[in-house]
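Peer 1: I have a structure here, written as structure tokens, and I will follow up with some questions on it.
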Amino acid sequence: MAPLKFAANLAMMFREHENVLQRYEAALNVGFKGVECAFLYDIPVHQVSEAKQKAGGIKQVLINSFPGNLKAGEMGFACLPDKVDLFRSTLETSIEYCRVLDCKQLHIVAGKGPSDQLSRATFVNNLKYAAERLAKENIVGLIEPINSITVPGYFLNNFEQAVAFIQETNSSNIKLQMDVFHLQHTEGNLTHNLKKYFPHIGHIQIAQVPFRGEPNSFGEIRYDYVFKLLDQLGYDGWIGCEYIPSGVSFFFGGGRNAYDSGG
């Protein structure tokens, strides 16, 4: 098997650089060949593209869809029955960022709201729309369950439910974004659950539990075991390093030792 590929999460890592644009080159300098970033929409896309090119054309692995007003507590619109038009219009903004950055995966943030019948139907209908629209751009849509401790009130907080939504959407262009940090919080039993959900996974993220530190820091998860399991399962996608460094950011795996930083 090829080495596992790790991408730096620029929202969490390299915070010693206040400007997210500087984090592209910082990630490259410590050995990463891919990056992901949650929300870039307050920066003109041409400026993001310039930072990416300055960093040797580092691979943009993933971005999130337009979230709305984060300071006001918004976290996307996909589940909100009164925001369907806004979801569709802002999806076009996200597609433009993906197109310019040559990003082939878009995390469709669900939003905050109750898990009632109308919200669930709205979410599935929006996923069906997004699946068809994104397929035209050769972009894969991802949905991610987020535990209710980290983000209270987030609509999608259950992995079984996420898989049910994927199956109801009935499109190969909507996949599961598996954050092992959230899986441990919500379900645990990582060996069984990673095998169980593996057929639906399009992207993986990692952080230590409970404090979201480096994977090799003190905590609940033995990531050396998790990485070997993913290797055995044949995972060949990127792994997003969505952790908060304890100090200056570095590639936790030590470059090209047991696991690779990509490429």
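The values are calculated or read from the model by the stated rules, or taken from the named source; none is laboratory data. Since this is a predicted model, take the numbers as computed values, not measurements. No Cβ is skipped: glycine too gets one built from the backbone with ideal geometry, and neighbour counts run over all protein chains shown. The protein model used for the area step is the full one, side chains on, heavy atoms only, and it has no ligands, DNA or RNA in it. Shrake-Rupley method; radii C 1.70, N 1.55, O 1.52, S 1.80 Å.
Peer 1: For a paramagnetic label modelled at 7 Å from the Cα of Phe198 toward its Cβ, which residues of the stretch 213-242 fall within the zone defined by backbone nitrogen distances under 19 Å?
Peer 2: 222-240
Peer 1: Turning to a different aspect of this structure: At 7 Å along Cα-to-Cβ for each site, give me the label-to-label distance between Thr93 and Ile149 in nm.
Peer 2: Label at Thr93, label at Ile149, 3.3 nm between them.
Peer 1: Determine the share of the chain's accessible area contributed by carbon and sulfur atoms, expressed in whole percent, with a 1.4 angstrom probe. Please report the intermediate quantities before stating the final value.
Peer 2: Details: 5820 of 11490 Å².
That share works out to 51 percent.
Peer 1: Also, quick follow-up: Given the DSSP H assignment, sum -39500 (n - 2.57) over each helix run of at least 4 residues in the chain and divide by its residue total; what's the result at 222 nm in deg cm²/dmol, nearest 500? Write out the running numbers ahead of the final one.
Peer 2: Details: 8 runs with 94 residues, N = 263.
Per the formula, -11000 deg cm²/dmol.
Peer 1: While we're here: Alpha carbon centre of the stretch 1-71 versus the stretch 91-164: separation in Å?
Peer 2: 20 Å
Peer 1: Straight distance only, please: which lysines reach the Cα of Lys228 with their own Cα at less than 20 Å, same-chain residues fewer than 8 apart left out?
Peer 2: Correct list for Lys228: Lys5, Lys195, Lys196.
Peer 1: While we're on this one: For Phe211 and Asp102, FRET efficiency with R0 = 35 Å and r from the beta-carbon atoms, rounded to 0.05? Walk me through the numbers before you get to the answer.
Peer 2: Details: r = 34 Å, r/R0 = 0.97.
FRET efficiency, Asp102 to Phe211: 0.55.
Peer 1: Taking every pair of Cα atoms in the stretch 185-240, average 1/r, invert it to obtain the Kirkwood radius, and report Rg/Rh to two decimals. Don't skip to the answer; put the middle values down first.
Peer 2: Details: Rg = 11.1 Å, Rh = 11.9 Å.
With Rg and the Kirkwood Rh in hand, the quotient comes to 0.93.
Peer 1: Please compute the Kirkwood hydrodynamic radius over the stretch 1-115, one decimal place, Å, based on all pairs of different Cα atoms.
Peer 2: Values: mean 1/r = 0.0671 Å⁻¹.
In the stretch 1-115 this quantity evaluates to 14.9 Å.
Peer 1: Residue farthest toward the positive end of the dipole of the chain, with Cβ of Lys/Arg at +1 and Asp/Glu at -1: which of Gly213, Leu156, Ile166?
Peer 2: Ile166
Peer 1: Tell me whether the chain comes out rounded, prolate or oblate; compute the Cα gyration tensor, take square roots of the eigenvalues as a ≥ b ≥ c, and use a/c under 1.5 as the rounded threshold.
Peer 2: Working: a/c = 1.57, a/b = 1.19, b/c = 1.31.
Cα axes put the chain in the oblate bin.
Peer 1: Another one. If each of Thr191 and Gln47 carries a label point 7 Å out from its Cα toward its Cβ, how far apart are those two points in nm?
Peer 2: Taking the simple label geometry, Thr191 and Gln47 are separated by 4.9 nm.
Peer 1: Additional query: Among Asn126, Gly111, His200, which residue has its Cα furthest toward the positive end of the charge dipole of the stretch 111-263, with +1 on Lys/Arg Cβ and -1 on Asp/Glu Cβ?
Peer 2: Asn126
Peer 1: Just to confirm, what accessible area per residue do you get for the stretch 11-124 at 1.4 Å probe, in whole Å²?
Peer 2: Per-residue accessible area for the stretch 11-124 comes out at 45 Å².
Peer 1: Next up: Taking square-rooted eigenvalues a ≥ b ≥ c of the alpha carbon gyration tensor, is the stretch 62-212 rounded, prolate or oblate, where a/c under 1.5 means rounded and, failing that, a/b exceeding b/c means prolate? Show your work: numbers first, answer last.
Peer 2: On the way: a/c = 1.45, a/b = 1.28, b/c = 1.13.
The shape class here is rounded.
Peer 1: If packing is taken as the mean number of other Cβ atoms within 10 Å per residue, what is the order of 41-50, 71-80, highest first? Write down the numbers at each step before the final one.
Peer 2: Numbers: 41-50: 13.8, 71-80: 19.3.
Descending packing order for the listed peptides: 71-80, 41-50.
Peer 1: Near Lys83, which lysines are there with a Cα under 26 Å away, not counting those fewer than 8 places off in the same chain?
Peer 2: Within the straight-line limit of under 26 Å, Lys83 reaches these lysines: Lys71, Lys104, Lys112, Lys128, Lys136, Lys175.
Peer 1: Over the chain, what is the relative contact order in whole percent, taking alpha-carbon pairs under 8 Å and six or more residues apart?
Peer 2: After rounding, I find 23 percent.
Peer 1: Given Cβ point charges of +1 (Lys, Arg) and -1 (Asp, Glu) and nothing else, what value in debye, to the nearest 20, does the dipole of the chain about its Cα centre take?
Peer 2: Values: 24 positive and 27 negative charges, 68 e Å.
In total the dipole reaches around 320 debye.
Peer 1: While we're on this one: How far apart, in nanometres, would the label points at Val248 and Leu118 be if each is projected 7 angstrom from Cα along the Cα-to-Cβ direction?
Peer 2: It is 5.4 nm.
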